[in-house]
Amino acid sequence: MVDGKLIRGFAHLGLAFVLILVLAPSLAAQDEPMDEPEAEEMDEPMAQDEGEEMEEEMDADEDDDLDPEAAEAAQGFSEEIVVTGSRAEPRSVTESMVPVDVITATDFLDQGDTDVSNLLRTLAPSYNVNTQPISDAATVVRPANLRNLAPDHTLVLVNGKRRHRAAVIYWLGNGVADGAQGPDISAIPAIALKQVEVLRDGASAQYGSDAIAGVMNFILKDSDSGGSVELRGGQYEAGDGEAMSVAANLGLPIGEHGYFNVSAEYGSSDPTDRSVQRDDAAALIAAGNSAVANPAQVWGSPEIDDEAKLWINWGHLLGGGSQLYGHANYVSKTVTGGFFFRNPNTRSAVFSGDGGDTLLIGDLLDAQDGVLDGSAGCPTVTITDNVPDPAALAAVFNNPNCFSFQELFPGGFTPQFGGDLTDNSIVGGIRGQTDGGISWDASIGWGSNEVDFFISNTVNASLGPATPTEFDPGLYKQEELTVNFDVSYPLGPRTNLAAGIEWRDETFEIGIGQVESFQIGPLAEQGFSAASNGFPGFSDLAAGEWSRSNWALYGDLERNSGDGRWTVGLAVRFEDFEDFGTTTNGKVSGRYSLTDNMQLRASISTGFRAPTPGQSNAFNVSTEFDLASMELVNNGTIPSSSRVAQLRGGRPLEAEESVNYAFGMVYDRGPFTLTADYFQIDLSDRLSLTQNFSLTQAEVDALLAEGITSAANLQNFRFFTNDFDTETKGIDVVATYVPPGLGGRTTFSLLFNHTETDVTDFNPATLDDTRIRELQEALPETRWVASANHRFAENWRVLGRLSYYSGWFDSEDVQDYSGEYLVDLEVGWDFNPNITFVVGGQNVFDTVPDENMGARTGVGNRYSQYSPFGFNGAFYYARVIYDFNMPWGGGNN
């Protein structure tokens, strides 16, 4: 039986191509060159009114005031060329039909950080990234949001080719990112980048799944000569978080018409601590327990060791004008963070079985024979005023057949969790142009991201004294293969027709952990928890591979007026996924010049995002602090297809669907450029995680039968669902001004974004009030960055930056945090044409979020862990940059 969706999809696609084919001959005919008399007539000067003449004279006068370098800077915004968002000829930012930000290599250099995820925070409106301490795998690969949507609502490209997503699924992301699986932007070193183009518009009809919030295209350097070396070091004002890195870029020629550009970076950063001692830990110390650490639990940035990044970009012209091209990368790092403190008197299923009234004592003889008859005669150890009965505890310690985890961890323990990340990719292709003027591009790309988890300073309590304290819980791995073939044909000077086909396959793998990390040991029947405490390992039944392939057919048509007055575009894409069916999406966009200085632009499009194999099949157990009970609880995420999830409304996942609207204006007056764009994204069947549900014993048994061995210790569970709709709307403003009166040596810029998200429809059986608040309020609604960059005395430069973040809701603290202002300062000195010294400070006034009112009574986090600007305070740094030229190559840039 033929799928009805498939038939409708082909019908829509066929109609679109028929429209294109019908229009193409007439459009091409209109694009035919005019005969000479008509051409000469058109070449005659057109009449201009007095106001337009005066305006041109003013622009000319302003440019005359600038030296050549300053004049170039003044025109820089309008002359920035973009390739993202169109398959026609590249165009300037101000001529684009949709908003595109161009971030240059210099923009990245003018900051103290080297992590591209952090650098983009001050360079792109509506971009957000958090520190993510104690967030399971999200500490290893941090979620980044564009327009306050999920990380996998933004498509990431490198040199125009789709970038593979990370293996990490964000189980803990303050709501908006919960359950998302996006690419790892931090894998790209800043020194490798020529520029980044951020398309702030829905583009699924052009690029496929994930492009609902927009597209980020990272364009690598392609010089065939010269290079640079950069040394950087810094630390926080508090005296911790010391970071160092060394990075280099080198361009080499391949014959007379090729380049081989290589970039490398190596660095590390120490952890930070912004904790206060928890009241329960302080009470233990006051009661005489000297084994408790101070602080018992650390809240701060994780430790990053041996972060190595290697990127290569190459291209070479072949005979006939075709070009062989490609890029590749290898990235590795080790990230280590902390988990919650396990109280030695109260931690359930490890130290106590009744909330801290008595210690949990294991009878090892009963564990051997399987009969719970108290063979060892272990005493009851009561706890009074935070002190276990010393005589009874001594009797336990002296009896080899009785066991308490206070023997191994008298002061409790805080697990250390992290992952070894490895990221690889290679993309290659060939492109050229036929004698008939058809441009073609064939490419194939493979990418892999793997996180091999580790956890230490913890136990599998059910194994008793035989437990290891370090575990390998297993791994997550994402692998993708993409094949593209694109063609583009200018029907004439005013019309361009493009089309293409894409096939993609992605595989998500859960790698099995060591046996002890998921084993249900002999003490489990006595109430001791099974599996590695904090992050249970993946059993042989839970491990596996899940794949999904899809193919797409797409096309677009662009036409302009020929005189630059207007441009319109039409795009359509049909995509077929083997697991959930087909989708057809379209986009119409346009630009119209009201005057020589002002343009209007608008677009409307439909979009989609397909659930990943990982989201459909992965499971996870997270230990979280429950404010209601003031206890640690184990919350699990299970596949929506699980029999237990189906009892709460779980069902096979579907694609998210969106309708995007955008309208904006561009004002370009030489030294001053302003863009303002309104957007609205209506997202239906949105995919995210449900609220937490309590487990019954029957449901625990059912999960155990499905191979989820850690279910023996689960209190709650959740799953993925397509159960709600949202409306996200807002405005972006980007402005740049180079005052002619200051000689063009000063550049002022402003980035402004205001975004609101409303949950417009939901199922109250799967989404509670907290989940809705997270989706609507977890990220700041208003962000803006104002900066000034001034060069003086030929070899000195100063930069000042003021950033503002409005308030946000932290669901774990159950607290609203207020907005804050941050100031960054930087000074650069060109020692000579090749060497530059830079010193600077981020957040120089040491601004931190409001203090968490429940920090001491809770888990010790002095500040909100989801602060959009971090919580570590002021960071001071120094850089040395050495630029060099080599006696080879043609200087291709």
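The values are calculated or read from the model by the stated rules, or taken from the named source; none is laboratory data. These figures come from a predicted structure and were not determined experimentally. Cβ atoms come from the backbone with ideal geometry, glycine included; neighbour counts cover every protein chain shown. Ligands, DNA and RNA are excluded from the accessible area calculation, which covers all protein heavy atoms including side chains. Shrake-Rupley method; radii C 1.70, N 1.55, O 1.52, S 1.80 Å.
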Query - Options 514, 599, 615; residue that is in contact with a strand residue (DSSP E or B) (Cβ under 6 Å, 6 or more places away or on another chain), modelled with pLDDT under 90 and farther than 19 Å from residue 715 by Cα - result: 615
**Report entry** Boolean, residue 350 is assigned to a loop (DSSP other than H, G, I, E, B) and either within 26 Å of residue 382 (Cβ to Cβ) or touching a Cys at 6+ places or on another chain (Cβ under 6 Å) (or both)
**Finding:** yes
**Report entry** Those residues of region 374-411 which are out of contact with any strand residue (DSSP E or B) (no Cβ under 8 Å at 6 or more places or on another chain), among the acidic types (Asp, Glu) and free of Cβ contacts under 8 Å to residues at least 60 places away in the same chain, in sequence order
**Finding:** 407
Report summary line: Checking 386, 401 in turn, the sole residue that is closer than 14 Å to residue 526 by Cβ and open to solvent by 40 Å² or more (accessible area, probe 1.4 Å) turns out to be 401
Query raised in the report: Do we find that residue 732 is under 17 Å from residue 128 (Cα atoms) and either in a strand (DSSP E or B) or touching a residue at least 24 places away in the same chain (Cβ under 8 Å) (or both) in this structure?
Result: yes
Query raised in the report: Looking at region 656-676, is at least one residue modelled with pLDDT of 85 or more, surrounded by 22 or more Cβ atoms within 10 Å (Cβ to Cβ), touching a Gly at 6+ places or on another chain (Cβ under 8 Å) and among the acidic types (Asp, Glu)?
Result: no
Query raised in the report: Before we move on, is residue 795 in contact (Cβ under 8 Å) with a residue 60 or more places away in the chain, of a type outside the set (Gly, Ala, Ser), over 24 Å from residue 726 (Cα atoms) and open to solvent by 30 Å² or more (accessible area, probe 1.4 Å)?
Result: no
**Report entry** Boolean, residue 786 is farther than 28 Å from residue 683 by Cα and of a type in the set (A, V, I, L, M, F, W, C)
**Finding:** yes
Query raised in the report: So which residues in region 411-443 are within 17 Å of residue 158 (Cβ to Cβ) and open to solvent by less than 30 Å² (accessible area, probe 1.4 Å), if there are any at all?
Result: 423, 425, 427, 428, 429, 441, 443
Report summary line: Restricting attention to region 418-442, the residues that are out of contact with any Pro (no Cβ under 9 Å at 6 or more places or on another chain) and either under 30 Å from residue 366 (Cβ atoms) or of a type outside the set (Val, Ile, Thr) (or both) number exactly 16
Query raised in the report: Only one residue in 698, 676 is free of Cβ contacts under 8 Å to residues at least 12 places away in the same chain and farther than 26 Å from residue 173 by Cα. Which one?
Result: 698
Requested in this report: Inspect all residues belonging to region 123-134 and state whether any of them is at pLDDT 85 or above, open to solvent by 10 Å² or more (accessible area, probe 1.4 Å) and in contact with a Lys or Arg (Cβ under 8 Å, 6 or more places away or on another chain).
Outcome: no
Report task. Tell me, please, whether a residue that is open to solvent by 10 Å² or more (accessible area, probe 1.4 Å), on the phi > 0 side of the Ramachandran plot, among the hydrophobic types (A, V, I, L, M, F, W, C) and in contact with a helix residue (DSSP H, G or I) (Cβ under 9 Å, 6 or more places away or on another chain) can be found in region 631-648. Result -> no
Query raised in the report: Any idea which of (1) in contact with a Pro (Cβ under 8 Å, 6 or more places away or on another chain); (2) open to solvent by 10 Å² or more (accessible area, probe 1.4 Å); (3) not polar (S, T, N, Q) is the one residue 745 doesn't satisfy?
Result: (1)
Requested in this report: Could you check how many residues of region 447-467 are closer than 15 Å to residue 528 by Cβ and open to solvent by 10 Å² or more (accessible area, probe 1.4 Å)?
Outcome: 4
Query raised in the report: What about residue 172, is it over 18 Å from residue 331 (Cα atoms), aliphatic (A, V, I, L, M) and not in a strand (DSSP E or B)?
Result: yes
Report task. For region 135-149, enumerate the residues that are in a loop (DSSP other than H, G, I, E, B), open to solvent by 10 Å² or more (accessible area, probe 1.4 Å) and on the phi < 0 side of the Ramachandran plot. Result -> 142
Requested in this report: With the checklist (1) in a strand (DSSP E or B); (2) among the acidic types (Asp, Glu); (3) open to solvent by 70 Å² or more (accessible area, probe 1.4 Å) in hand, flag the one item residue 373 doesn't pass.
Outcome: (1)
Query raised in the report: Inside region 755-834, counting only strands (runs of 3 or more DSSP E) that do not spill past its ends, which hold 1 or more residues that are over 26 Å from the mean Cα position of the chain (by Cα)?
Result: 782-792, 796-805, 820-830
Query raised in the report: Taking the stated definitions as given, is residue 229 touching a helix residue (DSSP H, G or I) at 6+ places or on another chain (Cβ under 8 Å), in contact (Cβ under 8 Å) with a residue 24 or more places away in the chain and farther than 30 Å from residue 298 by Cα?
Result: no
Query raised in the report: Are any of the residues in region 471-480 open to solvent by 20 Å² or more (accessible area, probe 1.4 Å), closer than 30 Å to residue 582 by Cα and of a type outside the set (S, T, N, Q)?
Result: yes
Report summary line: Of the candidates 761, 732, the one satisfying the condition of being more than 30 Å from residue 100 (Cα to Cα) and among the charged types (D, E, K, R) is 761
Query raised in the report: Hey, among the residues in region 321-346 that are part of a loop (DSSP other than H, G, I, E, B) and under 30 Å from residue 414 (Cα atoms), which one's most open to solvent (accessible area, probe 1.4 Å)?
Result: 346
